[in-house]
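See below for the structure under consideration.
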């Protein structure tokens with residue numbers, strides 16, 4: 001897949017230069033495929049450092065017997081009890097909502113999820129309190145390894161384009177959509193190289 005994708009993306013001379021500069025596409029290893037567990041971790045990690053999130057997640061897991069709380073256990077949990085692990089009130093309410101929506105089938109099981117399209121997965125998972133499109137896109141890209149995701153709202157992507165194409169301003173969402181059409185069906189890989197471009201340019205708000 002990688003060689004086919006690189007050949008396709010290299011038709012764009014700017015992306016070809018980024019590929020030559022940064023070498024092989026090396027995304028982080030896939031995480032837990034199960035949407036319930038993956039989204040729970042994503043909620044805990046929102047807007048705090050990785051180190052702080054790891055500490056809070058550990059304390060959260062210690063509140064329940066076993067390795068990971070069953071959705072039925074979590075759905076019945078008290079918000080204040082969850083907050084004792086370091087979760088904010090909003091995050092505590094979000095993980096309870098995640099558990100409830102897992103129980104009622106809004107959040108599908110892993111096998112069912114794999115059969116859904118990218119757009120269908122986004123539509124289903126953003127129904128959880130506190131889970132936005134960007135969070136689901138990261139899950140699609142780096143956990144489910146879907147090959148054609150371009151996060152239009154990601155500032156790091158837009159910073160990377162601004163740097164690589166030597167633009168005065170970040171591209172608009174409309175411009176990004178237009179540019180991305182040429183990169184399909186390998187927009188996930190293109191996004192990874194655009195994040196590298198943002199890193200190299202030391203522009204703010206880059207996402208990895």
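A short reminder: the numbers here are calculations on the coordinates, not readings from a lab. None of these values were measured; they are calculated from a predicted model. Positions of Cβ are generated from backbone atoms using ideal geometry, with glycine treated the same way; all protein chains shown enter the neighbour counts.
Data for the structure
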| item | result |
| --- | --- |
| GNM top mover of 184, 84, 49 - the chain, alpha-carbon springs below 10 Å | 49 |
| Simple label model, 7 Å out from Cα along Cβ direction - residue 182 to residue 63, nm | 5.0 nm |
| Angle in degrees between helix 50-62 and the longest Cα principal axis of the chain, rounded to the nearest 10 | 30 degrees |
| Chain lengthening between residue 145 and residue 70 when straightened (0.36 nm per residue, less Cα-Cα) | 24.5 nm |
| Acute angle (nearest 10 degrees) that the helix 89-103 long axis makes with the longest principal axis of the chain, alpha-carbon atoms | 90 degrees |
| Relative contact order for region 35-142, counting Cα pairs under 8 Å that sit 6 or more residues apart, in percent | 28 percent |
| Rounded if a/c under 1.5, otherwise prolate or oblate - region 1-67, Cα gyration tensor axes | prolate |
| Gyration tensor verdict on region 35-142 (Cα atoms; rounded if a/c is under 1.5, prolate if a/b is larger than b/c, oblate otherwise) | prolate |
| When the convex hull of its Cα atoms is projected in every direction, mean area for region 127-208 (nm²) | 5.6 nm² |
| On Cα atoms only, tilt of 187-201 relative to the major axis of the chain in degrees | 80 degrees |
| In nm, spacing of pseudo-spin labels at residue 165 and residue 199 (7 Å Cα→C-beta vector) | 2.2 nm |
| Candidates 195, 165, 134: whichever shows maximal mean-square fluctuation once the chain is modelled as a Gaussian network with Cα springs under 10 Å | 165 |
| Selected from 143, 110, 102 as most flexible by GNM, with the chain as the system and alpha-carbon contacts under 10 Å | 110 |
